[in-house]
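One structure is given below, encoded as structure tokens.
The values are calculated or read from the model by the stated rules, or taken from the named source; none is laboratory data. All values derive from a computational prediction rather than experimental measurement. Heads up, the Cβs are rebuilt from the backbone with ideal geometry, glycines too, and the neighbour counts pull from every protein chain shown. Accessible surface areas use protein heavy atoms only, side chains included; no ligands, DNA or RNA. Shrake-Rupley method; radii C 1.70, N 1.55, O 1.52, S 1.80 Å.
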Amino acid sequence: MIVAIDGPSGTGKSSTSKAVAAQLGLSYLDTGAQYRAITWWMLNNGVDVADPDAIAAAAGKPSIVSGTDPLAPAISADGVDASGPIRTQEVTAAVSAVSAVPEVRERITELQRTIAAEARGGIVVEGRDIGTTVLPDADLKVFLTASPEARAARRNGELKAADGKPVSDLAATQQALTARDKADSSRKTSPLKKADDAVEVDTTELTLEQVVECVVTLVEKAAAGKAGSAQNATGMEKATR
Ligand code: DC
């Protein structure tokens with residue numbers, strides 16, 4: 001069971017994906033964390049993140065390793081735990097430029113496909129281009145949306161939780177989010193986009209629990225459909241013998 005969950009920042013992708021994976025006993029992959037980790041490594045290793053050629057030349061250098069336990073997501077770059085530093089403003093400000101470089105996307109997409117192929121029992125993969133590019137044959141594709149106001153308010157809440165300091169400037173958060181979404185949606189290589197066959201869920205008025213319940217129901221339906229078509233295929237195979 002491969003579940004792709006895409007959408008812009010602040011729609012609840014991470015919280016939803018982790019909870020759905022934990023509830024259903026599936027693995028979990030945060031692809032944004034991979035792009036953040038490679039960005040963090042570049043910032044730390046003197047790569048000019050304003051220069052796409054420099055980014056492209058460094059794209060293959062760091063080893064990026066992701067944990068897939070939804071209860072303990074982990075990410076490292078060259079063996080160093082990056083889970084804290086990848087959430088800093090510095091990384092957030094640079095990640096769209098780094099992730100727009102085709103060499104970076106090729107490298108990270110390959111990693112993502114390998115992780116998904118090796119996940120026993122299934123995986124929930126969250127990102128921006130999972131349903132369109134990384135795993136176009138996913139069993140279920142969900143595209144989460146929410147109003148810009150709701151997304152900014154959620155992001156502010158997360159920032160407070162991450163560094164312990166209150167973030168009071170909601171307008172600035174909303175502006176930064178909108179700018180990042182614009183960059184992610186307008187890049188040439190696999191932009192943020194809803195797949196034609198994705199189910200869109202607007203989370204603006206929903207609690208996290210409601211979104212999780214909705215996605216779990218969608219996964220269960222997709223699993224039942226998959227089991228049904230596997231049975232049909234076996235039946236047809238027997239009938240033609
Ligand atoms: O989900 P996030 O905010 O941690 O993602 C960080 C950035 O990584 C986001 O601005 C765009 C990029 N990204 C991407 O280009 N493709 C993905 N599949 C996931 C994230």
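Annotations for the structure displayed:
- Listed residues GLY225, GLY131, GLY122, most fluctuating in the chain (Gaussian network, C-alpha, under 10 Å): GLY225
- Atom-type composition of the exposed protein surface of the range 1-153 places 51 percent of the accessible area on carbon and sulfur (1.4 angstrom probe).
- Of all DSSP beta bridges in the chain, antiparallel share, percent nearest 5: 25 percent
- Amide H contacts of SER27: GLY122, ILE123, VAL124, each under 5 Å away and 5 or more positions distant or on a separate chain (H built 1.01 Å from N in the peptide plane; Pro and chain starts excluded).
- Separation between Cα centres of the range 79-104 and the range 38-64, rounded to whole Å: 9 Å
- Think of it as helices only: each DSSP H run of n ≥ 4 in the chain is worth -39500 (n - 2.57), and spread over all residues that comes to -17500 deg cm²/dmol at 222 nm.
- Using alpha-carbon coordinates, inclination of helix 208-240 to the longest axis of the chain, degrees: 40 degrees
- Across the range 15-140, Cα pairs under 8 Å and at least six residues apart give a relative contact order of 35 percent.
- Size descriptor, Kirkwood hydrodynamic radius, that averages inverse alpha-carbon separations across the range 5-44, Å: 11.4 Å
- Spin-label pair ALA54/SER147, simplified geometry with 7 Å Cα→Cβ offset, distance in nm: 4.2 nm
- Fully extending the segment from ALA74 to ASN45, taken as 0.36 nm per residue of separation minus the present Cα-Cα distance, adds 8.3 nm.
- Springs between Cα atoms under 10 Å define the GNM used for the chain, and in it the highest mean-square fluctuation of LEU206, LEU29, LEU218 occurs at LEU206.
- The range 35-45 - phi-based ³J(HN,Hα) in whole Hz, Karplus 6.51/-1.76/1.60, Gly and Pro as x: 5, 5, 5, 5, 5, 4, 4, 5, 4, 7, 10
- In order along the range 140-147, the phi-based Karplus estimate (6.51 cos²θ - 1.76 cosθ + 1.60, θ = phi - 60°) of 3J(HN,Hα) comes to 9, 10, 10, 10, 8, 10, 6, 5 Hz; Gly and Pro are listed as x.
- Largest mean-square fluctuation among ASP202, ASP139, ASP169, in a Gaussian network model of the chain whose springs join Cα atoms under 10 Å apart, belongs to ASP169.
- Principal-axis tilt of helix 148-163 within the chain, Cα atoms, nearest 10 degrees: 70 degrees
- Converting phi to 3J(HN,Hα) with the Karplus coefficients 6.51, -1.76 and 1.60 and the offset θ = phi - 60°, the range 24-33 yields 9, x, 9, 6, 9, 10, 9, 6, x, 5 Hz in sequence order, with x at every glycine or proline.
- Cα convex hull of the range 86-228, projected area averaged across orientations, nm²: 9.8 nm²
- Heavy-atom surface of the range 12-167, accessible at 1.4 Å and reported per residue (Å²): 44 Å²
- Cα-based helix-to-principal-axis angle, 89-99 vs the chain, degrees rounded to 10: 60 degrees
- Neighbour-limited loop hits for trypsin sites (Lys or Arg not before Pro), the range 63-162 (at most 14 other Cβ within 10 Å; DSSP other than H, G, I, E, B): ARG120
- Shape metrics for the range 1-100, restricted to C-alpha atoms - Rg then Dmax, Å: 14.2, 43
- For GLY127, the residues 5 or more places off, or on other chains, whose built amide H falls under 5 Å of its own are ILE5, ASP6, GLY7.
- Scaling against 2.2 N^0.38 Å puts the C-alpha radius of gyration of the chain at 1.05.
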